[in-house]
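Encoded as structure tokens, the structure appears first; notes follow it.
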Amino acid sequence: MSHGPPPDRRVVKEPSATFPSKSHKIVPAEAAFVLGDADLRLVLDAGEIGGWEWDIGTGVVRWSENLERIHGLAPGSFGNSFESYQAMVHPGDRERVVSALRACIEGRANYEIEFRSAERAGEVRWMRAKGRVLSGEKGEPFRMIGVCWDITKRKRAEEAILETSRRKDEFLAMVSHELRNPLGVIMNASTLINHLASGDNDLSKASAVIRRQTDQLARIVDDLMDVSRLAAGKLTLERTNVDLVALVHRCVHDFVDRRLFDHHRHELRCAGTHVSGDGPRLEQIVSNLLMNAIKYTPAGGRIIIEVEPEGGDAILRVKDTGVGISPELLPRVFDLFVQSERGLDRRDGGLGLGLAIVRSLVEAHGGRIDVWSPGLNSGTEFAVRLPLAATLGSGDPRGGVAPRRRILVVDDNIDAREALARLLEIAGHEVYQAGDGPGGLEEASRSRPDVAIVDIGLPGMNGFEVARRLRSGAPNLRLIALTGYGQGDHRRLGDEAGFETYLIKPVAFETLQRALANN
């Protein structure tokens, strides 16, 4: 709130401070530092702080000249009533300010609030007020005093920071989408090449190279987006009962299929363990730790992956015989952008984000991660500890082989659409195509598909609207989103539109096949 002539004097005890006198003698610590009227006014002027006083019984409110000036009033022009004070508060904040004052008078809270002042000369300014209640002998409140100051500059700086953050998030989302779309096309094309290689070893090798490099680019995009989400506190988990052993086996087999273990020996030691968690995020934890071990273990080295229950937790350990971690780096290994020293060749690559993301994901699951290393060239061990699930899961979530289906693919990127359609045909499905939303609706009414795979960023009618219309006309139609838009809001909109599955490009064809099989 705002108001009131300052008391005649203020006495502030400083038992631990001393003040030099004019003769440079030391004043005893128990002496009082006395602040007179003129000094107090100078202090308030320097801090651009105004004082106020409210007689609760009479309703009279008094403002200091400083406070009038802060609110753009001429000296002595404030109306000295509670109604005059309310009129100086922005209409959108009045109820909140009055409630805070009432709570303070009733003894429930201190008075401390930020609010907007009423618009004057086309400008709304932000204020911060603090106050306290003075009570009589019987405890009845009779007076309130306090201070108020202008915080408009700070609020505008905060708003500028928030706007910059919002624009950054929009930019990253746009960049992510623009990168994911061509990466998805490249991944499908490389898979198609591999299917058509027909024993051509050179062609198969070239396809594998393309797949590995596409995976690497996709991981970089994922890491950049995850760092942004984690920094903004926007990471969400979709928990299910997860068979951690099956998940780790799947990750390891995927690394084997992609020939990432070709130059290393790996061992897998697992005992049955289930956790409550977000399956894709848990896979991300495992994959990041495996990739870190491969990156920092020279060719011929050994990587050991262990999963076992221990007490009420599931323990995932990833050990390697690699370059190890120096004692200086070990305490900072989970910090953003922290990496070991690199040469100009940057043979190990990476942005220094993976382990920071792993720790955030583990903690989001209610777990913790620890790291040990005897030192350089002595290997490293990471241990992830996650709470065990209350009940056993329902088995391997990978699903079986998808039965033959009638599938509609709706995507405006012709390369992406045709490459995916050809892969689905090779897998034995009957495939129909459309390049935009209206075309997808028309094709669906004609071909009556079992499954529709729909991009979100379609021209004319976005994928969410397409899904809603398809669902209204065919309640049993299976809807799968396949898109470059991976923000939390997009997933929520996908759920609302009726998508059962929401896949973020680039998607390995094997992942799409599992989604089709898990219908």
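The values are calculated or read from the model by the stated rules, or taken from the named source; none is laboratory data. On a predicted model such as this, the values are computed, not experimentally measured, just so you know. Reconstructed Cβ throughout: ideal geometry from the backbone, glycine too, with neighbour counts over all protein chains shown.
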Would you check if there is a residue in segment 70-77 being under 19 Å from ILE113 (Cβ atoms), in a helix (DSSP H, G or I) and either in the same structural domain as ARG116 (by TED's automatic domain parsing) or at pLDDT 90 or above (or both)?
yes
Do any strands (runs of 3 or more DSSP E) lying entirely in segment 213-313 carry at least 2 residues that are among the hydroxyl-bearing types (Ser, Thr, Tyr), modelled with pLDDT under 90 and over 28 Å from ASN194 (Cα atoms), and which ones are they?
none
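Does ALA314 fit the bill of being out of contact with any helix residue (DSSP H, G or I) (no Cβ under 7 Å at 6 or more places or on another chain) and of a type outside the set (Ser, Thr, Tyr)?
no
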Of the criteria (1) more than 45 Å from the chain's Cα centre (by Cα); (2) at pLDDT 90 or above, which one LEU40 fails
(2)
The listed residue being acidic (Asp, Glu) and more than 27 Å from the chain's Cα centre (by Cα), out of GLU425, GLU496:
GLU425
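Having 3 or more residues that are among the hydrophobic types (A, V, I, L, M, F, W, C), at pLDDT below 90 and over 29 Å from PHE171 (Cβ atoms) is the bar; report the helices (runs of 4 or more DSSP H) wholly within segment 442-519 that clear it.
Answer list for segment 442-519: 509-517.
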When segment 201-219 is checked residue by residue, the ones that are touching a helix residue (DSSP H, G or I) at 6+ places or on another chain (Cβ under 9 Å) and not polar (S, T, N, Q) are LEU203, ALA206, ALA208, VAL209, ILE210, ARG211, ASP215, LEU217, ALA218, ARG219
Flag for ILE305 being within 20 Å of GLY367 (Cβ to Cβ) and touching a helix residue (DSSP H, G or I) at 6+ places or on another chain (Cβ under 9 Å):
yes
Does segment 339-346 contain any residue that is modelled with pLDDT under 70, surrounded by fewer than 16 Cβ atoms within 10 Å (Cβ to Cβ) and in contact with a strand residue (DSSP E or B) (Cβ under 6 Å, 6 or more places away or on another chain)?
no
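Yes/no matrix, rows are residues, columns are (1) buried (at least 18 other Cβ atoms within 10 Å of the Cβ); (2) of a type outside the set (Val, Ile, Thr); (3) closer than 28 Å to ARG229 by Cα; (4) assigned by TED's automatic domain parsing to the domain that holds HIS429:
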position: GLY473; (1), (2), (3), (4): no, yes, no, yes
position: ALA481; (1), (2), (3), (4): yes, yes, yes, yes
position: TYR485; (1), (2), (3), (4): yes, yes, yes, yes
position: GLU500; (1), (2), (3), (4): no, yes, yes, yes
position: ALA508; (1), (2), (3), (4): yes, yes, yes, yes
position: THR511; (1), (2), (3), (4): no, no, yes, yes
Complete set of residues in segment 297-323 that are surrounded by fewer than 20 Cβ atoms within 10 Å (Cβ to Cβ) and either among the small types (Gly, Ala, Ser) or under 28 Å from the mean Cα position of the chain (by Cα) (or both)
ALA299, GLY300, GLY301, GLY311, GLY312, ASP313, ILE315, ARG317
If I filter segment 166-183 for residues that are in the same structural domain as ASP226 (by TED's automatic domain parsing), in contact with a Pro (Cβ under 8 Å, 6 or more places away or on another chain) and closer than 30 Å to ARG258 by Cβ, do I get at least one hit?
yes
Condition test on LEU162, is it surrounded by 12 or more Cβ atoms within 10 Å (Cβ to Cβ) and without any contact (Cβ under 8 Å) to a residue 40 or more places away in the chain?
no
